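Read the figures in this text as sums done on the coordinates, not as results from a lab. Computed from a prediction, not measured in an experiment: that's the story for all the values here. FYI the Cβ positions are ideal-geometry reconstructions off the backbone, even for glycines, and counts take in every protein chain you see.
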Amino acid sequence: MEWFDNGWGLSLTVFLPLVGAAVVMALPRRNELAVKSTALVFASLSLLTSIIVALRFDYGDTSQFQMGTDLAWIEAISSRFHIGVDGISLPLLVLSTAITVLSVIYSWNHWPEPHNPKAFLVLMLVLATGMAGTFVALDLILFFVFFEVVLLPMYFMIGIWGDRTKRRLAGLGVEVEMRLYASIKFFLFTLFGSAFMLLGFLALFFKAEPNTFDMVALSELGRAGVFTGTFGFWVFAALFLGFAVKVPMWPFHTWLPDAHTAAPTVGSVLLAAILLKLGTYGFVRISLPILPQQAQDWAPAIAILAVISIIYGSLACLAQTDVKRLIAFSSVGHMGFVMLGIATLTDIGINAAVIGMVAHGIITGLLFFLAGSMQHRYHTREMSRLGGNMKLMPVLGGILGFTAMASLGLPGLAGFWGEFMALLGSFNPLDGLNLGVFRTAMVLGAVGTVLTAGYLLWMLQRVNLGEVPAEWASKEFHDADGFELAAWVPLVLATLIIGIWPKAVFGATNDAVVSLVERTFG
Amino acid sequence: MFLAAEEGEKVELVGGFLAEWAWLIPVVPLVAAAAIVFFGKRLPYKGWELAVGALGFVAVYGTALLIGHAMTPMGFEDHVTLVDAGTVPGLGDLVLEWGWTVDGLSIMMYFLVGVVGFFVFTYAKGYMEGDVRFTWFFAAFTLFAGTMLVLVSAPNMIQLIVGWEGVGLSSYLLIGHYWEDMENVWAGNKAFITNKIADIGLFLGVIVFAIGAGSFRFLDVFEAVESGAISSGFAVAGALLIFLGAMGKSGQFPLHVWLPDAMAGPTPVSSLMHAATMVTAGVYLIARMFPVFDAPAVAGDIRWLLITIGVITLFATGLIALVQDDIKKVLAYSTLSQLGYMTAAVGAGAYTAGLFHLFTHAFFKALLFLAAGSVIHAVHSNNMSDMGGLRSAMPHTFRTFVIGSLALAGILPFAGFWSKDEILATLNHDGYTAALVVATAGAFVTAFYMGRAVFLTFFGEYRGQGQPHESPPIMTVPLYGLAAGAVFFGFLNVPGLYTGFTDWVTARVFVPQEYHPESIDFVVGGIGLLVALAGIAAAYVLFFRDAESQAARDRFSIPVLYPILENKYFIDDFYMKGIINPTRLQIAAAVNWSNDRIIDFAVNAAGVATRVAARFVYDILDQLGIDFGINAAGAVTGEAGGALRLTQTGKVQQYAAVVVAGAVLLAAGFIIFA
């Protein structure tokens, strides 16, 4: 298996979906079964190789990049095909391959209009390659390529299979079709950020001696204090824009509610579960190690924006009438906790951030699956028209209740650790950071947990509980079917397992995080 | 062994076989709860047998531990490391662990939860017969027992939080058991949110202590507070935050508002959770952390606050009980009032007295709720105005309810007399005279509203519908079981004669420093008893004869005071109209508005402005690579037509345009930096 450990394992994980996309493209569009099976096979193979990677990973040495390779790629700009995983990226890699498989399974007989499973699955597989690639890339250009590869499929998914209702833009009087508006907004917003990010990458490249895009080499230079002063400030700012849009942090978040709400179910799931993590991962993998001094300068500002995201996102949730938009806004708040953890620049905070990313991916992914299935049945997302879902569909309703509890951070379920430990980390941030800012952030973050509980319980009240409205009383509803359960039950189990046994994630992340903090800020 | 130790010292206590296996105490109910969810419906008794079996196990194990503890005091804890959670700068590693504590305090609680729980679960089979969600009810109820035991067994604060939120979840689920009715859902939400607000305190308090001590373990925290490793200021702040958490769970003023509404849950739930055990978790937590609350560096600063909150709670909520018609609400306000006694006691440093009242109260209040449930079962109404004269129709319920009432009112020789007397005597000894006076006045109020409840329910003429019958044996036998506790358990701690209870609960690693009465305080006890008898007499005069009771109630309607009490001091209204609704409606709407009209407006306006600018440039300069703006704007307005056309023609150009834009910026950047 030496070949596997020398980069092939990771490469297969990343590129099998892309191969799958090519194969699916060659299949006749009419033969849906073949299309779906092929997609499922390739997605599953990717998951399988990522699991083998996780099994062969040396957990005694999680701070080192493992299972990777470093090959010549674009010689002209000395960009290399440098990949590898450490304890921080491994959980996210497995999460991304797993969510892809579950999305294919869920899609099996839930096709949004205008149908066309072939095109949809091709996009999903390309997306899978982009997501997995971002988590293994150790070269900035490679990272950028994967980061951007993610954009196009998602753009098409929203633009073609998205929500066709029309909406008038507040204050401008322009009427737009949601899928077109949301997809363009998503695309341009992200591109806006990543243009600056690329600029930052290039600046680092030219500043480094010798010129390099290699993250490991750049981190060493960063620790040696090469990227400081005004230069460092502007580079950090450029990277910040790129990642903060993706997270998204307040006030760069407005693409998110529209994109999540307009996207087809699987699109929303992938957006929430994986795409948002590309931003937070970028902070941990690139911004912090390469620009440690700037990270410390910016940390209080990031903490403040994080707390605004928490409070603002939760309050906005309370105002939503559309269940999917509510879940979308909840991501703003939850990712705020992740960013708060990162901003502390401590072991606890960054551990909290990684487990928070994984937990949010699992829980919010599941919430979007559930919201999609409800929309599929009720043909509405307006909570004022729903009610008594628990009576009509006890299994779906029960899972919704469970997931809402997980989302509000109930201890014993996955969501608790990220939230609580982010607060814990904020009490004592890295030496030299402003204690007043971080402790205030801690208190406000704790207030945010109350608001979070508030909107989730209110959502359950309006959707799940109460009498069945007359509109639905006489209709026949099918409770969760086999494909749905196959997609959901693994997420439910993961929520439980990580909740009860957080070592499932910390076991991989802890040493890597400790070493990162030690080397970077020690 | 522990008897030789001076108070305030740490002692080495032993474990033993029973202690080592005590992890089964929380695990068995949790497994049973899961099993009920998955297999309950297929079992002959629909899952009830698993539930009551689990509680029976806890009762037997708890009793065995108590007997063992009485012979050889145990002070044991064990831990399983779950994960090393990383380092706090300058303070060392924080480790997440799972563990279990077997010492005097936790053994008392195991016994209490097991025995009271067993009776309530037995009763619940009769009470819930025919319920639409019978199996689910027992799953959630058993989940409660399991999480409560997780809370009680916790040797560290993370596990405590897990149990703490777990009982909160069970409470939410069971208050809203009949969720078809929105009233009940609101009640569940209210309980959850009120507790969540208090949990801000619990979470932050835990963080303060954990970081100060570098450990989540209680024993390490106690060491750190004692040694001064946690500075006095942080210890005081931490204790206050923890107390805020305790105030939520134990319904202390002004966070008491959720408990009366929680009566929406089925009566067995009110009995076990919202009277006997769950709501005492806050008092338990203060007792568990007594070495912190009682530390010299802390006690001086916070004692007055705990006593004040406790005393306000005991008196203010007791008064509300006077005007309730719903028998469960009477008992709920009474529970709040008794929790006030407990809080005042542990707050004043009377560790044993507070716990003793917690212990006896669990039996007689669980009994009162179950007996009230039996009445409700018979008359199909919660309101005492629909009851009356049930003495002859329901003799078992009547007898046990009266026993419970006498115990609660503090009449010699029932359990409540001894435990309340111990609180009063300790307040007296420690010189908290004002608190003593209010607490004694509270005893009058207690006796008065219980007398009123007994007279309105069981005496006079029946005022309800149909013909009430006594409940079946599965419900009445547990009443007698709990009544035995209400009668006899007061004798577990009679100063000067037998003080077994004191020996049990003070046998723990950190022996609490406190005053133990050497003999009965006859003056305080006598006054307490006289006041209670006076309360019953007053109730007799006003409410004994049914024909006059309506008039009596009118006479009782003291102007000004009565509307204030009926409206619960307007606190609920203030919360709803002053905080909850403004947040939920106005503030949330304002945030959403700012999102759409300010932030997003800027984004959209930038898009539109780009289009306008692009049009201008396009018209004048003719296709100079500003397709980006055109397309963006086109998409925004939907002018670009169908999705496919857009997606197939638009974005590649846009993408190229932005990359070009990036390159321009880049070049600018290099010029600046180079």
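Annotations
- Within the same chain, lysines fewer than 8 places from residue A:166 are excluded, and of the rest, those with a Cα less than 28 Å from its Cα are A:118, A:185, A:246, A:324, A:475, B:651.
- Here the calculated FRET efficiency for residue A:111 and residue B:412, from their Cβ-Cβ distance with R0 = 56 Å, stands at 0.15, rounded to the nearest 0.05.
- Cα-centre dipole for segment A:1-158 with unit charges at Cβ (Lys and Arg positive, Asp and Glu negative), debye to 20: 700 debye
- With R₀ fixed at 56 Å, the C-beta to C-beta distance from residue B:585 to residue B:301 puts the FRET efficiency at about 0.90.
- Relative contact order of chain A, pairs being alpha-carbon contacts under 8 Å that are 6 or more residues apart, as %: 15 percent
- Karplus-derived 3J(HN,Hα) values for segment A:15-27, using 6.51 cos²θ - 1.76 cosθ + 1.60 with θ = phi - 60°, are 9, 3, x, 5, 4, x, 4, 5, 5, 4, 4, 6, 7 Hz; glycine and proline are entered as x.
- Sequence-distant residues sharing a close amide H with residue A:250 (under 5 Å, placed H): A:309
- The Cα atoms of the protein assembly as shown give a gyration tensor whose axes a ≥ b ≥ c have a/c of 1.5 or more with a/b greater than b/c, which makes the shape prolate.
- Each label point was placed 7 Å from the Cα along the Cα-to-Cβ direction; for residue A:440 and residue A:8 their separation is 5.7 nm.
- Structural size metrics of segment A:1-103, computed from C-alpha coordinates, are Rg and Dmax of 15.5, 50 Å.
- Relative contact order for segment A:143-254: 24 percent, from Cα pairs under 8 Å spaced at least 6 residues apart, divided by residue count.
- Residue-averaged 222 nm ellipticity for chain B, from DSSP H runs of 4+ at -39500 (n - 2.57), nearest 500: -22500 deg cm²/dmol
- Cross-link reach list, lysines versus residue B:46, counting only Cα pairs under 20 Å and skipping chain neighbours closer than eight places: A:391, B:125
- Karplus-based coupling profile of segment B:534-542, in residue order and whole Hz: 5, x, 5, 4, 4, 5, 4, 4, 7, with θ = phi - 60° in 6.51 cos²θ - 1.76 cosθ + 1.60 and x standing for Gly or Pro.
- Centre-to-centre separation between the Cα atoms of segment B:235-309 and those of segment B:573-603: 32 Å.
- Nonlocal amide H pairs with residue B:83, under 5 Å, H built at 1.01 Å: B:96
- Separation of the residue A:22 and residue A:209 label points, Cα + 7 Å toward Cβ, nm: 4.3 nm
- Mean-position separation - Cα centroids, segment A:88-127 and segment B:135-189, in angstrom: 36 Å
- Residue exposure sequence - B:258, A:472, B:304 - by fewest surrounding Cβ within 10 Å: B:304, A:472, B:258
- Think of it as helices only: each DSSP H run of n ≥ 4 in chain A is worth -39500 (n - 2.57), and spread over all residues that comes to -23000 deg cm²/dmol at 222 nm.
- Shape category assigned to segment A:410-461 from the gyration tensor of Cα positions, a/c cut at 1.5: oblate
- Summary value for segment B:193-272: 36 percent relative contact order, contacts being C-alpha pairs under 8 angstrom separated by 6+ residues.
- Rough spin-label spacing in nm, given labels placed 7 Å along Cα→Cβ, for residue B:433 and residue A:61: 7.6 nm
- Annotation: amide H-H contacts under 5 Å for residue B:230 (H modelled 1.01 Å from N, sequence separation of 5 or more, or interchain): B:225.
- Computed 3J(HN,Hα) for segment B:225-242, one whole-Hz value per residue from the Karplus formula 6.51 cos²θ - 1.76 cosθ + 1.60 where θ = phi - 60°, is 5, 5, 7, x, 4, 9, 5, 4, x, 5, 5, 5, 4, x, 5, 5, 5, 4, glycine and proline marked x.
- 10 Å Cβ shell holding at most 11 others, DSSP loop, trypsin sites (Lys or Arg not before Pro): longest site-free stretch of chain A: A:31-474
- FRET E, pair residue B:180, residue A:170, Förster distance 45 Å, beta-carbon r, rounded to 0.05: 0.75
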